[in-house]
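One structure is given here, and the rest of the page talks about it.
Each value in this text was obtained by applying a stated rule to the coordinates, not by laboratory testing. Quick caveat: nothing in here was measured; it's all calculated off a predicted structure. Here the Cβ is made from the backbone with ideal geometry for all residues, glycine too, and neighbour counts use every protein chain on show.
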Amino acid sequence: MKPDLFLRIASALTLLHAVLHTIGGVFGKPVPGPGEIAILAMKTNPFKVMGLNRSYWDFYHGSGLAISVFLLAEAIVFWQLGSLASTSAGSLRPILATFLLGYLGLAVVSYKYFFAPPVITEVFIALCIGLAIVTSGSAVAGGRLPAR
């Protein structure tokens, strides 16, 4: 298989991750009980930060939205890298390696602090990126794609 296909799959998985993170993580409602009480406490205790009133809920919700934005941007970047991989796969290897390490790190953080679905998604994204790296090397070595 060619690296561009693995990057398109990584793009689709990252887009799915962004959508599900936004629906469940950012706009999801907690079940009644301790989670609901914690969110209420986060919302009802504002404090001054750099001259503005903010709460821990503002930081939590804003960080969740920021992650959704970054995941969407990464999905677009993976799609664009897939287009570039068809002509210059070898030169993308350092960029892909950075994303690979980033997604492996994100999977570790998700494992420690969250739950299985994001971990599984991030591992599959990392796997696709890793396969794109491996196949980009063989594509260049096999003479199918020009090396830069």
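Things worth noting here:
- The C-alpha atoms of the chain define a longest principal axis, and helix 56-88 lies at about 10 degrees to it.
- Modelled FRET efficiency - R0 35 Å, Ala97 with Asn45, Cβ distances, 0.05 increments: 0.25
- Shown for the chain: lysine pairs separated by 8 or more places, or found on different chains, whose C-alpha atoms are under 29 Å apart, numbering 4.
- Helix 34-43 axis, angle to the chain major axis (alpha carbon atoms, nearest 10°): 80
- Within the range 2-36, backbone nitrogen closer than 17 Å to the virtual label 7 Å beyond the Cα of Phe114 toward Cβ: 10-30
- Between the helical axis of 3-20 and the longest alpha-carbon principal axis of the chain there is an angle of about 10 degrees.
- For the chain, taking the reciprocal of the average inverse distance between every pair of different Cα atoms yields a Kirkwood hydrodynamic radius of 17.0 Å.
- Each stretch of four or more DSSP H residues adds -39500 (n - 2.57); spread over every residue of the chain, this sum gives -25500 deg cm²/dmol at 222 nm.
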